[in-house]
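Undergrad: There's a structure below that I have some questions on.
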Amino acid sequence: MSSLRRLWQARVAIAAAGILVAGTAVAAAGASSAIAATSGVSGSLGSGTTREISSSGSASFLPGSSSQPGGIENFEIAGLGDGPLASDRSHSSGGTPVGAITQPKPVTTSNPNLITSFAGLNHFDQRFGSSAGANQFSLEPPDQGLCVGSDGNGNTRILEVINDVLRVYSTSGAPVTAPTALNGFLGFAPAIIRTNPVTFGPFVTDPSCLFDAQTGHWFLDALTLDTFPHPGADGLQHFTGTNHLDLAVSNTSDPAGTWTVYHIPVQDDGTQGTPNHHCSPGHETSPPLPTNPTACFGDYPHIGSDANGIYLTTNEYFLSTNAAAEAHDTGNGSSTFQPSTQLLVWAITNTSSLNGTPALTLSNTKLDVGQYVLPPKAQQKSGPQPLRQCLNNNSCSVTLEGIKDPFAETSASLDSNDTRMQQTTWVNGALWGAIDTGLSTSNAKQAGIEWFTVSPSTSTGSVTATLANSGYVGLGNDNLTYPAIGITSGGTGVMAFTVLGNNFYPSAGYALVTPSGVGDIHIAAAGLGPDDGFTNYKLFGNPPGTTRPRWGDYGAAVPVGSNVWIASEYIGQTCTLSEYLNTAFRCGNTRTALANWDTRISEVTAP
C-alpha cells in the first residue's frame, strides 16, 4: 500500500442498551468504510445476527468565527417534550449513608506531582465560542471526555469533548483548533436555528473519546437523539424515538484533521436492524407523537479498547454496579434505588475473532464489596450568584426572561450523581474503578467515593474475579464527586474528582493512587465562586418549580507513560450582579447569562 493511501483497520465491538455488537471497521483515505456488526441479546454473542453499517460521511473541525456573541434568544434551553426517551439517571438524595469513615482524608495546600494545569472548555465556549456560534442551546452539564496521543508529527495533542463542543489543545494548553459544535462536527444540522418557526437538529449528548496508540487513530463517540424539526403543539422540542451511537474515527493520527463517522442505531425496538427489548411506552400526549413510541434509550455511552477491538458501551461497563433503579426494573418503570454490596465484573472473550468471523462471548460475575448508597446533594459555599440575584429582581427577571420569576430562588446544593461506575481502567491484569456514594464522615453526611481494584480471569471461558483492594475516600466537611482513575503501567496513578462544600467552591481535585490505596486530597485548580447555572433555579425546572442542579455525569483520567492527564469540572470565574448586568450578562465572556461552569485539564506524575 502507498503511504498516501495507507489502509488501517480498527476492530469495533459495541455494547448498546443490552446488546453487544461486534465488527470490523475498515477505512482508507478517500475510500468508503463500513462496520460489519454482530448483535445478540444474551451473554453469548456468537449466535447474533450480522448487519453492516456503512460510513455516513466525514467529520472535521470547523473554522472559527469572528462574529460577536449575542444575548438571550428564543429557545435558549432545550425544552424537551415528555416523550419515550428520558434520562433514567437517579438523583442524589442523601439517604442512609455508608457507615462512619473515622479518618477522612485531609486536603493539603501543596500540589505534589502536578506538572501543568490549564482551563479547558467552558459554558461560554459551548454556547457562543467560535464555530459553536449562535446555533447552540445553553446546556448543563458538560460531561467531559478526554483523550491524549500523538498527532504523527512528534506532537502530543489533547482532545477534550463535552456537551456539545470539542477542541484540540497542545500540552501547554494552547488551542490547536477552534471550539467546534458536535452537531457540526458530526455532519448534523445545527442544534437549533432560531428562525420563525424555530428549527431543531438532532440532540447530541454524552460524548467521550479515546486515542488508540496501536493504530495511531482517535475515536470519539456520542449518543444522538433524533428530534422533530419544529416545536410541538406544546411549544417544546420533541424526540422521534430513534437514537444512535455516533462513532467518529480520525483518518490520520492528527486529531485536528478529518474523521469518518458511523451511526449505529440503538433504539432496540426492532427497527433499523435493532432487536426488540420491549421498552415501556412513553407518556407523550401532545403532537407530534413519537414515530417509535417503545424505543429504548442508548444512554451514557463510553469507549475502550484492547489489542483486537474498540468497544462502546451504553450504561454497561466492564465493572458495573446494580443499585440503580433500572438495574431492578421489570420494564414498567416502577423500581427504585436499592443500596448494594455487589460489584459486577464483565468480560468479552475471543476478541481475536474480530479479525475474521466475530464469535464473542459476554459473561459476568459478582463480587462482595463495601456497601454503596445514593450520595447526598453537595452543599455549596456561599458566594456571588448573579443569575439567582437577577431572577429575584422583577425588572431584571423581565429583562432576562421576559417574565417575573414567580419563585423565590435560593442557592441550591449540587447533584452528586448516583452510584453507576464512572470510569474503568485495565492495567497489568487488574481493573480499577470508582463510584459515588454517601458517606458518614466524622463530622457529617457527605458525598464521597468508593474505589475498587479487581483481578479478573477468563481461563475457563467465562469470567471469574477476586477483589484485590477497595476503600472509601471522603472529607470531613466537604464533598468529593465524579471520580475518574487513571493507572500507569507502573501500577500507580491518579484519581480526579470535584471538591466542593462548606470550605471550597467547586474545585478540580486529585489524589495519588498506589496499590495500597488513595492518598491525600490536592487541589489542581481552586474554584472561584459557586455554581450559578439555570438548573439551580425553579423558573427553569421541568416542570417549573422543581430543580435538579446538574454537575456533570463524569470526568476523565488518561495515563500516558508515567503521567496521568485528568479532566474535572469546576467554577473558574466569579462576578457580581453589577458586573453581570453591565457586560450583557457575560461577565467579560467568562460565563453566559444562564450558566458559569468551567472544565480543567491537568497533567500529574504518578507516585
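Undergrad: Would you mind listing how long the chain runs along its three principal axes, going by Cα atoms, in whole Å with the largest first?
TA: 67, 59, 53
Undergrad: Something else: Say the dipole of the chain comes from +1 at the beta carbon of Lys and Arg and -1 at that of Asp and Glu; which of THR441, PRO406, PHE337 then lies farthest toward its positive end?
TA: THR441
Undergrad: Along the positive direction of the dipole of the chain (beta-carbon charges: Lys, Arg +1; Asp, Glu -1; about the Cα centre), which of PRO456, LEU512, GLY201 reaches farthest?
TA: Result: LEU512, furthest along the dipole toward the positive end.
Undergrad: Might you report the magnitude of the Cβ-based charge dipole of the stretch 159-310 about its Cα centre, with Lys and Arg at +1 and Asp and Glu at -1, to the nearest 20 debye?
TA: Value, rounded to 20: 380 debye.
Undergrad: Now for a separate question. Between SER352 and GLN214, how many nm apart are label points set 7 Å from Cα along the C-beta direction?
TA: Here the answer is 1.2 nm between the modelled labels.
Undergrad: Beyond 12 Å, what share of the Cα-Cα pairs of the stretch 109-167 is found? Please give it as a whole percent.
TA: Counting pairs separated by more than 12 Å, the tail of P(r) holds 71 percent.
Undergrad: Show me 482-492, 352-362, 575-585 ranked by packing, highest mean number of other Cβ atoms within 10 Å first.
TA: 482-492, 352-362, 575-585
Undergrad: Stokes-Einstein D for the stretch 316-416 at 37 °C, 0.692 mPa s, Kirkwood Rh over Cα pairs, in µm²/s?
TA: Calculated translational D: 176 µm²/s.
Undergrad: Set the Förster distance to 30 Å, then compute FRET efficiency between THR96 and THR546 from the Cβ-Cβ distance, nearest 0.05.
TA: Efficiency for this residue pair is about 0.80.
Undergrad: In Å, what Rg and Dmax follow from the Cα atoms of the stretch 446-587?
TA: Rg, Dmax (Cα atoms, Å): 19.1, 68.
Undergrad: Starting at 0 and stepping by 10 Å, how many percent of the alpha carbon pairs of the stretch 376-423 end up in each bin?
TA: 24, 34, 25, 14, 3
Undergrad: Straight-line reach from LYS105: which lysines have a Cα under 16 Å away, not including same-chain ones fewer than 8 places off?
TA: Within the straight-line limit of under 16 Å, LYS105 reaches these lysines: LYS445.
Undergrad: For the charge dipole of the chain, defined by +1 on Lys and Arg C-beta atoms and -1 on Asp and Glu C-beta atoms about the Cα centroid, which residue among ILE571, LEU121, GLY490 has the Cα displaced farthest towards the positive pole?
TA: After comparing all options, I get GLY490.
Undergrad: Here's something else I'd like to know. In debye, nearest 20: dipole of the stretch 246-334 around its Cα centre with unit charges on the Cβ of K, R (+) and D, E (-)?
TA: Here the stretch 246-334 has a charge dipole of around 80 debye.
Undergrad: For the stretch 471-519, state the semi-axes of the equivalent ellipsoid (square roots of 5 times the eigenvalues of the alpha-carbon gyration tensor), sorted largest first and rounded to whole angstrom.
TA: After scaling each eigenvalue by five and taking roots: 22, 11, 7 Å.
Undergrad: Ignoring ligands, DNA and RNA, please state the percent of accessible area on the stretch 462-607 from carbon and sulfur, probe 1.4 Å.
TA: The value for the stretch 462-607 is 51 percent carbon and sulfur by accessible area.
Undergrad: Hey, what's the Cα Rg ratio for the stretch 209-355 versus the globular rule of thumb, 2.2 N^0.38 Å?
TA: Compactness ratio reported: 1.24.
Undergrad: Same structure again: Given just the C-alpha atoms of the stretch 319-376, how large is their convex hull per residue in cubic angstrom?
TA: In the stretch 319-376, the Cα hull volume divided by residue count equals 117 Å³.
Undergrad: Leaving ligands, DNA and RNA out of it, report the carbon-plus-sulfur percent of the accessible area of the stretch 362-451 at a 1.4 Å probe.
TA: Answer for the stretch 362-451: carbon and sulfur cover 47 percent of the accessible area.
Undergrad: Report the residues of the stretch 509-553 in range of a label on HIS283: point 7 Å along Cα→C-beta, backbone N strictly under 14 Å from it.
TA: Taking a point 7 Å out along Cα→Cβ of HIS283, the residues of the stretch 509-553 whose backbone N falls under 14 Å are 542-544.
Undergrad: Next question, about the same structure. Compute the length gained on full extension between THR466 and THR156: take 0.36 nm times their separation in residues and subtract their Cα-Cα distance, giving the result in nm to one decimal.
TA: Answer, rounded to one decimal: 107.9 nm.
Undergrad: Then there is this: Under a cut-off of 20 Å between alpha-carbon atoms, report the aspartates and glutamates in cross-link reach of LYS366, not counting same-chain residues fewer than 8 places apart.
TA: Correct list for LYS366: GLU316, GLU326, ASP329, ASP418, ASP436, GLU450.
Undergrad: Okay, moving on. Which value in nm describes the separation of the simple spin-label points at ASN364 and THR109, placed 7 Å from the Cα toward the beta carbon?
TA: 4.7 nm
Undergrad: Now for a separate question. Where nothing but the Cβ of Lys and Arg (+1) and of Asp and Glu (-1) is charged, how large is the charge dipole of the chain around its Cα centre, in debye to the nearest 20?
TA: Here the size comes out at about 660 debye.
Undergrad: Using 7 Å Cα-to-Cβ label points, what is the SER578/ASN503 separation (nm, one decimal)?
TA: Spacing of the two 7 Å Cα→Cβ label points: 3.3 nm.
Undergrad: Moving to a separate point now. From the convex hull of the Cα coordinates of the stretch 258-332, what is the mean projected area in square nanometres?
TA: For the stretch 258-332, the mean projected area of the Cα convex hull comes to 7.9 nm².
Undergrad: From the helices alone, meaning DSSP H stretches of at least four residues, give me the mean residue ellipticity at 222 nm for the chain, per-run term -39500 (n - 2.57), in deg cm²/dmol to the nearest 500.
TA: -1000 deg cm²/dmol
The values are calculated or read from the model by the stated rules, or taken from the named source; none is laboratory data. Keep in mind it's a predicted model, so treat the numbers as computed, not measured. Here Cβ is always computed from backbone atoms with ideal geometry, including for glycine, and neighbour counts include all displayed protein chains. Heads up: the accessible areas ignore ligands, DNA and RNA and are worked out on the full protein's heavy atoms, side chains in. Shrake-Rupley method; radii C 1.70, N 1.55, O 1.52, S 1.80 Å.
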